[in-house]
Every structure is written in structure tokens, then in C-alpha cells.
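The values are calculated or read from the model by the stated rules, or taken from the named source; none is laboratory data. Given the structure is predicted, the values throughout are model-derived calculations rather than measurements. Positions of Cβ are backbone-derived with ideal geometry, glycine not excepted, and every protein chain shown enters the neighbour counts. SASA here: full protein model, heavy atoms, side chains in, ligands and nucleic acids out. Shrake-Rupley method; radii C 1.70, N 1.55, O 1.52, S 1.80 Å.
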There are 4 protein chains.
Amino acid sequence: MSVIGGTEETTTGVLRLRAMERRRLLPYPVVAINDAETKRLFDNRFGTAQSSLDGIIRATNELIAGKTVVIAGYGHCGRGIASRARGLGADVIIAEVNPIRALEAVMDGFRVMELLDAAPVGNIFIAATGSISVIRREHFAHMEDGAILSNAGHFNVEVDLNDLESAAVNRRTLRPNVEQFETADGRRLILLAEGRVVNLGAADGHPASVMDLSFAAHALAVEWLAEQNGVLEIGVHQLPSELDLRVAEMKLASMGRSIDVLTERQRNYLDSYEEGTK
Amino acid sequence: MSVIGGTEETTTGVLRLRAMERRRLLPYPVVAINDAETKRLFDNRFGTAQSSLDGIIRATNELIAGKTVVIAGYGHCGRGIASRARGLGADVIIAEVNPIRALEAVMDGFRVMELLDAAPVGNIFIAATGSISVIRREHFAHMEDGAILSNAGHFNVEVDLNDLESAAVNRRTLRPNVEQFETADGRRLILLAEGRVVNLGAADGHPASVMDLSFAAHALAVEWLAEQNGVLEIGVHQLPSELDLRVAEMKLASMGRSIDVLTERQRNYLDSYEEGTK
Amino acid sequence: MSVIGGTEETTTGVLRLRAMERRRLLPYPVVAINDAETKRLFDNRFGTAQSSLDGIIRATNELIAGKTVVIAGYGHCGRGIASRARGLGADVIIAEVNPIRALEAVMDGFRVMELLDAAPVGNIFIAATGSISVIRREHFAHMEDGAILSNAGHFNVEVDLNDLESAAVNRRTLRPNVEQFETADGRRLILLAEGRVVNLGAADGHPASVMDLSFAAHALAVEWLAEQNGVLEIGVHQLPSELDLRVAEMKLASMGRSIDVLTERQRNYLDSYEEGTK
Amino acid sequence: MSVIGGTEETTTGVLRLRAMERRRLLPYPVVAINDAETKRLFDNRFGTAQSSLDGIIRATNELIAGKTVVIAGYGHCGRGIASRARGLGADVIIAEVNPIRALEAVMDGFRVMELLDAAPVGNIFIAATGSISVIRREHFAHMEDGAILSNAGHFNVEVDLNDLESAAVNRRTLRPNVEQFETADGRRLILLAEGRVVNLGAADGHPASVMDLSFAAHALAVEWLAEQNGVLEIGVHQLPSELDLRVAEMKLASMGRSIDVLTERQRNYLDSYEEGTK
């Protein structure tokens, strides 16, 4: 039997598959599980958030309350981490490149500023952008002694390790997953989990009770791909929304929660334009 | 000069225009300002939320802290209200018909249940669904004495006024915007602002500092419609995303906030699929 | 019948009565209702907090989300207001003179700084200290155009009105309870409710459902004073703790909440020192 | 040199020392560091809270968001844990025996109920009372399959281990610090860290950046005891408030925070009763 398609879990993976699609290099259809609402709204926001802070705490045993936490990126991961960091008592600063997300962060009560302005006031830095060299030479130059650097985004490229190494005159491992880089002017910058995603590097990754959503979406997507075999064009596809809803329904049922259903009158109303408009 | 198009501000308006579009009754192109991110993410979430609770407080002078607030609907309005009600010290219950939204509410730490189960435990009920007869006969039957009923959604149809009137043996106005309906078994249900949207009925509506976003989007949309004249098909259109971003940029600038921009290396990286994947 | 005592509701009142006591000017015993836990923990924290923000919103129709709110004082009033302001989406800064309270504010996730440093970054200033001339000339000099000044503490002395008047070259009333003071360099500072406590000046004061606690304490205190007549020394007295607990019990009962009671085994354990220590 | 006194860190320790004092069994003066504000307001509230949830997460890798967390006790530990659990996305229920604390929990937006009523709805139970047999036979009988039991209070007596053992027909260790007790009717109750305090049993205990406050208080108390030698009566003493304030000042300074000082005019005002009262 031939390959009939694939499913992709991560934001970064989907970005890459889309880049391949634009270059016509994709060999078969792929379902972007990452973009399913039951993945995107939950795994990235709740799973990454808790486990990243868990990783930081396990590695350092730092108290989050009273700290200034600087988060680069206010996408699903970043906003999840921001909410959890505040929930643990931090003063949270957001750096963003997208003005709409930046404005959302402002309205959510966070301080928003350029990362360069945040560099000297942050105690803990967390990159969650999906991009490269986010926290870099110019930021290291302005950080306070003891600043903690971590990555909750992807790979090990968000904290620029080359820049960090060349800024350091001295480095040593303080405890597992905690490495200290001493600069020429005597400041110590603390890198967690070698700059790899801190929830995998220093904790147990996403809890099972959020991964189950993603895995359910993969399973339903694979079944759907099989059903569609031969029909679906090569490209990056969304999970059909009825499957997305089915994942959420099953999860709610497993948690013993029961929700309302639209009455017939309501269904008609939502489909109409006459009622109520006079 | 002939009509070249329109712009529509509200969720309900857009629902109606889409219904007209499906029936081919729309006479010209319309831009759904409501669906612009700078409208949807802000006006509905922050404007409606604060002003609806403001309306409830002005009408009743109730302390929100310690109350159980039941919100029907976890769309942009509902989640904004939920966040503000919790921020004022309420225990918040969410009723929803969409399982994904319901699951989000659960993960956000709210209790989610059928409205019928929430009826006997709520102190303040707020409908924010865009639908009809959301809080109705069967719910009134199970509410406690003193329950407060309000609408933060649309029109005056979310709290079913016919049902409320027929449930009452007695009604009287307690103070402006506060009407008491006494049931045959002696319970008093309190309706705010005649069931009309409580932020307009009992407070000053959305603050200027959130309406400015919507109005900026209207202005840019009108300019864009004029530029497109003759080209745009009849239908409901999205605000072009670069205009949406422009609104956010102008707002951030007006607040004195400055944000990061992608470096060239980052732009290349986000468009690539080779880097970092080895 | 002669006077047998008094009861005092407010923080400031108790401060004054204690000053009189120290100077032996107090003519009869007084119960400091303000210091009862069912007053202090609730009225000041929940009542003042909600109603002060309510007053600010009614006067100005400002959106609190996205604003920087500076609160002088982190006592019961200040921390209540801080919690509510954050709950409405503000970025909150605390100014304090007591290092323990300041440290608490830091650990609660707020920024703490000298009021002079907060002056140029705040959008809304709220004094809640019980002291005099808290927001004054030197602060006015550094505020941004449009800064809002309010008092949630006591009297009309926390915002220094003399200093404000002498800083202004021009003043006019914008809407009821909103007066604009224009400085020589063209900045407009906005004073709410003539500098009087903004929850009384621009809103309805404390909600009934928090005042009931204080009034219950007064009632029980008066009964107790009558019972003690002739025995109690002249001075400022605490409400006996069993009366304080009785107020809370009655309130919980009125809200339909039922709580646990210690088992006999637990009562013995809490009074012992042998168990569990081996 | 003879013993001149002692210092005691914990709530439970101070309870015991006071019991000894009442029985005249105390051999020398002791300073109740636990009751110092810089201990009580910080260590118990922020240190225990974060590290207890950290312990629960490390042991189980559970997602806290969306869970119902039941906390027995709303003292400093309990309220800290409640705040952090909510901050991680939990729906929090409080059980208390003190009506004032129970009412505070209500006003803070938590559900308050008898532990027996909370038993069937909780996913995670945390005892933080300082008492004995808090979660016991009658509660185990009503819990759902999968309920997690933990102790964040003291010793290993808050979760009644005898009752749990006798309720179980089967027990096995699932992973380190996680033991499953299966009841005759097939429900599995999960005990963490053998019922010992979960922040020490399953995590690293309090972070250094909160313990430094307590240790500073001990150091200053020892110095003070030495200075007072021969003068201080045998008994449990408070840390003098100027030393308590000194600890907070040093901590703020170490965090680079600077606070306001009262002006002379303010000091006079706070000591007066004439001003402002006309």
C-alpha cells in the first residue's frame, strides 16, 4: 500500500510543510493537526505553559512570585506562559513583532515593550516565537547579573547560543540543566536545558491530559485521510471542523461535563436575518 | 455617486448580512468590521466585558465578589465578561453549546455545565450568545429568590421576556433599570435594563478607548472600499489584514508602546524549511 | 441614661480615637469596628475596591484594560483596589512606605516603586493611604498629559489640592466629577470627585452586601457595650473575637454556605504538643 | 555559656511551644519566627504554595488547568495554594472550620463547602490545616476514581493514612511518590509522597529566594536574644517589629526596589486627630 498522507503536530512543522508546499516539494497531503482548534487552543496554550514553567522551576528552584518574567512571543504558547507566570505571581513583560498580538497583550494587562528595553529589567527570559536568534548579543549585553535564559518555542535556536558563547569568558554547569555564562564585565547569565525547549529538557513535557486531545485529532485525521484516499490534493489541509468538534466532545464527556444544545428555534434564529431586526 | 459598499460593526449584523448573502439578497459589498481582529479581539472582549459589569453594578449596586455569576456563551463577549467577573471576585460558571469553546472555558478554570444545572446556583445571569430565548421558562423555574437576569449579547431576546412575564404573578420597578418579577411560589427574579444589552441600557456603553479601534477600522475600510470600487464582488468581505495591522500599530503608537520588528535573518528563517531541521 | 460607649467604623476614625486615647482625651470606651476582622478584611478590601473603580469608570468611562494604574498604599483598601484593577486588565504599580507591605505587593506580582518614579508612567492614580498630601507637586510635575487623579482613602487630602491648583494655569469641568487642570506646559491632569473619596463622590459607595457585615458588627458591639456597662475602661477596644466570628457565621448562613467543624480529636490535637512530634 | 533562647520556624512548632508554655514546660525564651510578618506572609504563602503544586506536578505530571482542586484550610498556606492553583487554571474549592476565613475565601471568588460535599467533585485534594485526620474515611468513601490526595500542611497526619489503608483492598506504587489505593468498589485513590508534605516529599521544598527571609529573621532574632540575655522572660516571644521591618527592607534592597518614606508632615498628620476632622 502506498503512502496516503501525513499528520503534523507542531507549529514549526506546519510552517515548514507550508514552505515546502509553496515550493511544490510536498509529496502527499498532510493534515495540520497543529492548526486544529483542539490542538492549538489547548496543547500550545495549556500544555506548553505549565510544563515550561515546571521545567524552569525544576531546573532552578526559583520562586516565580516577585520575579519579572519576560516572554518573547504572544502566540498560543506565549500567552499561555504569560497567564501561568502571572498566576504564579510574576510581573510579566511581553515582546512581540505582531502589533495585533502586542495590543492584545497590553489589554490583557501585560507590559509590552521592545526586548531590548526589557533586557535590563527581566529576571527570567522565555522565548516562545518559533523564530531564530530571538534573544541575542544585544540583549545579553544589557541583562542583569543572574538573568535566566530559557526557550519554550522550538529547537535550540531561539536563545542565540553562538552569541551567548562569544559573550562569555567563562562557563560552568551549576546543576543539571543549569549552565552559567560569565561575561567579561562579571555578569552571570544562566542558560537552561542547553537552550532546548525547557519543558522537554528539564521537565516531563506536556501532561497526558492535554496530549490526549492532540492524539485524538491525529487518530481521527488518519482515519479521514484513509477515507479520502485518492481524492485529496497534495497540500497542507485543515482537520475538518466536525472532527475537531468531535475531539472536544469526547474530552468533555471523559471529564463528566455536559453542555447545552441549540433548540430548534435557536438554530432557525441563527440562520435567519428577519427576526429581531425590525 | 452610487453606493459602493458598507461596513458592519456587530456580530449579529454580520450574521444577518451573511444570511442575506446566502439568499443572494445583499445589494452591495460589505466589510465585516466585526470580524477584523482589531474589532473582534478588543471591542467584544474588553469593551463589552467592562461595560456590561459596569451596567450591572450601576443598576443594582451589588458586590460582585462572592457571587456566583453564570454566563451563557463563551465567545468573545462571554469570555471577556467571564474574565472580568472573576477579576471582580466572582465564582463564574459558563454555559455553552460549542464543545471546543466549552472545553476552553474548562481549561480557563471555569465550571462548565448545562444552563439548567446552573440555574439553581447562580446569583447573576448574563446572556452573551447572539441567540434567542437563551434564559427561559425552564431556567426561571429553578432559580433562587433574588436571581439577577441580564443580557450582554444583542437586542432584548436573549432573556426570554415572554416566558418571564408569564412566570410572574407580580412585577414592579425597584429602581431605574431594575424590575422585579415575582413568581407564584414567591421567588423574586430581577430583570435589568428591560432585557436590553445592559452596558447600553444601564451604563455608558463601550469606552472611547476601545471604540477608537473599531472606528479606525471603519474609516480604513471605507477608504479601501472607495479604492476598490467596481472591482469588489457583492458579498461580505474581511478587512484586509494589512489594514487590520495598521489599526493596531496606530493604537500602540498612541499608547506610547514600541514593539520589535523581525530581523532579516528571522524573516528568511520563517520562510524556510531547511534550517534547523537536520 | 448616660453614654456607655461608642463604635467607630473607619480606619481614620480609629487612628484619631487612638490619638485621643494617647492624650487621655477620650471620654468613654469605644469599640474599633474597623479593626474587627469581619470589617477590615471585607469592607475595606472588597467594598472600597469595587466601588472605587466603579466611581472612576462612571466618572470617566475609561477602559481599565491596558491602563497603568498606580496605587499609593497597600493596606486593606489598596490591595483590594490593586486586585480589582488587575482583574479589569490593568498593569498595576504600588507605592508604599512600609517595607513589609511593599514586599507583599512585589510577591503578589505588582511592580513596586517610589511614587515619583511611577508618576511619568501612570494613566490612573489612586491614593489609598489614610495620609495627607500623598500625590503632590513633585508628582504632578512628572505626570503625562491626561493622567487621572483620584482618592480612595479618606477626606479630600490625599491628592494635594493646593498643589494641584497652584500647578494649574487653567481649570474646567469636563463632565460631572471630572475636572481638568491644565499646567503651564500644556499637560492636562484630570481630578475626579474634587479629590473626595471617589466611591462616594462618583458612585454609590459600598454595596449593601458588604456593609451588612459592618452593621452587624456595630449592632453586636452596641449590645456588648450595654452588657459591659460600668466595667469597661475608657479606651479603644477590639470587638470580642467570638462576636467577630458570629458575624461571619451569620453572613455565610445567609449565603447558604455550610462549613466544617473541628472533630473532638482535632480539637485535642491542636491543643496538644505530644502527638506527632516523636 | 548557658542556653539563652531559641527560635522556631514552623506554625506547628509554635503551636507546640505555646502548648508547652501554657503547661509551664518551656525551659527558656523562644522567638516565634513563624509569626514574624516576613515569615508568615511570605514563606507560608508563596514558598509552600509554589513548591506544593510543583511537588504535585512532578509526582503526577498532571495538567492543573481544568481540574477541580479542593484545599482544606484557608490559612497562609491554604490561601497561597488556592491562588497558585487558580493561577494554573484550576477550579478551586475551599474547606474551612473558621467562618471568617471561610468568608474571605468566598469573597476571593472560591467555592466554599464542607469537605464532604467537595469529596465527590474534586480531582486533587490538598490538606493545609496543621490539624489531624482532615481527609478521612468519610471523604474517601465519596471520592471519584482517580482522586489525588496530598498534604501541604505538616507531618503525615492530615490525610488519614490508617483510614486510607483500611479503605483499600489493593495498593501499588505507580511511580515514585505516587501510590494507588484501590477500594472494594473499584475506585483508585492516589496518595502522593506517602502523605508527607508534598513540597518536601516530591519537590525541592521552598525556594531559596523565600527561605532567605526566614533565615534573616532567625539571624536577627538570635542576635536580639543575645542582647536581651537575662532580661527576657521564659515564654514564646514575637520578633520585635523593627527587626521584622529590617528583614523586609534588606530583601527589597536586594531586589533593587526603592520605596517611599513618610514626609514629616505625613508623620505629624498620622499622629494627630485635629487635622481634617472639622
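Listing for the model above:
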quantity	calculated
Residues with amide H under 5 Å from that of A:Val31, placed H, sequence gap 5 or more	A:Gly6, A:Thr7, A:Glu8, A:His237
Cα coordinate range in region D:150-278, projected on the principal axes (Å, largest first)	72, 46, 32
Phi to ³J(HN,Hα) by Karplus 6.51 cos²θ - 1.76 cosθ + 1.60 over region D:127-144, Hz, x for Gly, Pro	8, 9, 10, x, 10, 10, 6, 7, 10, 9, 2, 5, 7, 4, 4, 10, 7, 6
At 7 Å out from Cα toward Cβ: C:Phe215 inter-copy label distances (nm, ascending)	4.3, 5.4, 5.8
For region A:117-179, alpha-carbon Rg over 2.2 N^0.38 Å	1.06
For the protein assembly as shown, Kirkwood radius (reciprocal of mean inverse C-alpha pair distance, Å)	31.3
Counted charge near B:Leu220, where neighbours are those whose Cβ lies closer than 11 Å (Asp, Glu -1; Lys, Arg +1)	-3
Whole-number D in µm² s⁻¹ for region B:38-112, Kirkwood Cα-pair radius fed into Stokes-Einstein, 10 °C, 1.306 mPa s	129
Segments D:195-205, C:102-112, C:42-52 sorted - mean Cβ within 10 Å per residue, highest first	C:42-52, C:102-112, D:195-205
Neighbourhood charge, 12 Å Cβ-Cβ cut-off, centred on A:Asp91 and excluding it, Lys, Arg +1 and Asp, Glu -1	+4
Other-copy label distances relative to A:Gln238, 7 angstrom Cα-Cβ extension, nm	0.9, 6.3, 6.3
Size-normalised alpha-carbon gyration radius of region B:64-199, reference 2.2 N^0.38 Å	0.97
Three-way shape call for chain C based on the alpha-carbon gyration tensor, with the a/c threshold at 1.5	prolate
In order through region A:35-42: 3J(HN,Hα) via Karplus (6.51 cos²θ - 1.76 cosθ + 1.60), integer Hz, x for Gly, Pro	8, 4, 5, 6, 8, 4, 6, 10
Hull shadow area, averaged, region C:1-92 [alpha-carbon convex hull, nm²]	7.8
Whole-percent pair-distance distribution, where bins are 10 Å wide, for the alpha carbons of region B:1-154	11, 37, 31, 14, 6, 1
For A:Val112, residues with placed amide H under 5 Å, excluding near neighbours	A:Ile94
Dipole moment magnitude, nearest 20 debye, region A:193-258 about Cα centre, only Lys, Arg, Asp, Glu C-beta charged	220
C:Arg137 versus D:Asp145: modelled label distance in nm, points set 7 Å from Cα along the beta carbon direction	7.5
Among D:Glu194, D:Glu223, D:Glu179: highest mean-square fluctuation, GNM of chain D, C-alpha pairs under 10 Å	D:Glu223
Charge tally in the Cβ shell below 12 Å around D:His237, where Lys, Arg are +1 and Asp, Glu are -1, D:His237 excluded	-3
Nonlocal amide H pairs with A:Ala36, under 5 Å, H built at 1.01 Å	A:Leu239
For chain B, built as a Gaussian network whose Cα springs stay under 10 Å, the top-fluctuating residue of B:Asp212, B:Asp54, B:Asp185	B:Asp185
Entries of A:Lys67/D:Lys39; A:Lys67/B:Lys251; A:Lys67/D:Lys67; A:Lys39/D:Lys67; A:Lys39/B:Lys251; B:Lys39/D:Lys67 with Cα pairs more than 21 Å apart	A:Lys67/B:Lys251; A:Lys67/D:Lys67; A:Lys39/B:Lys251; B:Lys39/D:Lys67
Of A:Leu189, A:Leu115, A:Leu232, the one that fluctuates the most in a GNM where chain A has Cα springs shorter than 10 Å	A:Leu232
Dipole magnitude of region A:158-235 about its Cα centre (Cβ charges: Lys, Arg +1; Asp, Glu -1), debye to nearest 20	500
Dipole magnitude (debye, nearest 20) for the protein assembly as shown, charges at Cβ of Lys, Arg, Asp, Glu	0
Residues of the protein assembly as shown: accessible area per residue with a 1.4 Å probe, Å²	39
Residue (of A:Ala59, A:Phe42, A:Tyr28) at the positive-pole extreme of region A:1-91, dipole from beta-carbon charges	A:Tyr28
Estimated vicinal HN-Hα couplings, Hz - region D:185-197 in sequence order (Karplus 6.51, -1.76, 1.60; Gly, Pro = x)	8, x, 7, 10, 9, 10, 9, 9, 6, 6, x, 7, 4
Convex hull per residue volume in Å³, alpha carbons only, for region D:164-205	52
Identity and axial distance of the chain A residue whose Cβ lies nearest the axis relating A to B, Å	A:Ser83, 5
Over region A:173-259, relative contact order from alpha-carbon pairs under 8 Å, at least 6 apart, %	17
R0 of 35 Å, Cβ-Cβ distance C:Tyr28-D:Asn268: FRET efficiency to nearest 0.05	0.85
C-alpha center-to-center spacing [region D:136-202, region C:189-232] in angstrom	47
Cα gyration tensor, region D:216-262 - rounded (a/c under 1.5), prolate or oblate	prolate
Additional length obtainable on full extension of the chain from B:Leu200 to B:Ala219, 0.36 nm per residue less Cα span	4.5 nm
Region A:62-80 residues near the modelled D:Ser258 label - backbone nitrogen below 17 Å, point 7 Å along Cα→Cβ	none
Mean Cα-pair separation over length for chain B, i.e. relative contact order, pairs under 8 Å, 6 or more apart, %	22
